Amino acid sequence: MRLWDVTSPGHPVPADAPLEQASDSPLYATSFSPDRKILAAAGAGRVVELSDVSRPGHPVRLGTLTGPADTVFSVAFSPDGQTDRCSSRRELCARALG
């Protein structure tokens, strides 16, 4: 997964090196925390990957939330950023962060 600097929308540029993923499975959903410091990404790997993206050009992988039994199609943070939620075809999940 690669982050892009879109300060100039007509000329996006890569913001950093690609983020390493826990698996080679396709990603289907991403979400930034309300403070825009954490990026959650999920997909066919049945996990939610969390990365600290608060320092442009230096993303840090924080960890992986496991548990979904199927491909994850959506991921979101609670308004206070303390909970990450995801959904697959068969279930909804919520994980406390921090």
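None of the figures in this text is laboratory data; all of them are computed from the coordinates on show. None of the values given here were measured: they were computed from a predicted structure. Every residue, glycine among them, receives a Cβ derived from its backbone with ideal geometry; neighbour counts consider all protein chains shown.
Things to note:
- Whole-angstrom gap from region 1-36 to region 63-78, using each part's C-alpha centre: 17 Å
- Neighbourhood net charge (11 Å Cβ-Cβ; Lys/Arg +1, Asp/Glu -1) for Cys93: +1
- Spacing of the two label points (7 Å from each Cα toward its C-beta) at Thr7 and Arg95, in nm: 3.3 nm
- The charge dipole of region 21-96, taken about its Cα centre with unit charges on the Cβ of Lys, Arg, Asp and Glu (plus for the first two, minus for the last two), comes to roughly 20 debye.
- Remark: relative contact order (region 21-96) = 25 percent; criterion is Cα-Cα distance under 8 angstrom and separation of 6 or more residues.
- Residue-count net charge about Glu49 - beta-carbon cut-off 13 Å; Lys, Arg +1, Asp, Glu -1: -1
- Overall form of the chain: prolate. Here a/c, set by the Cα gyration tensor axes a ≥ b ≥ c, is 1.5 or more, and a/b is the larger of a/b and b/c.
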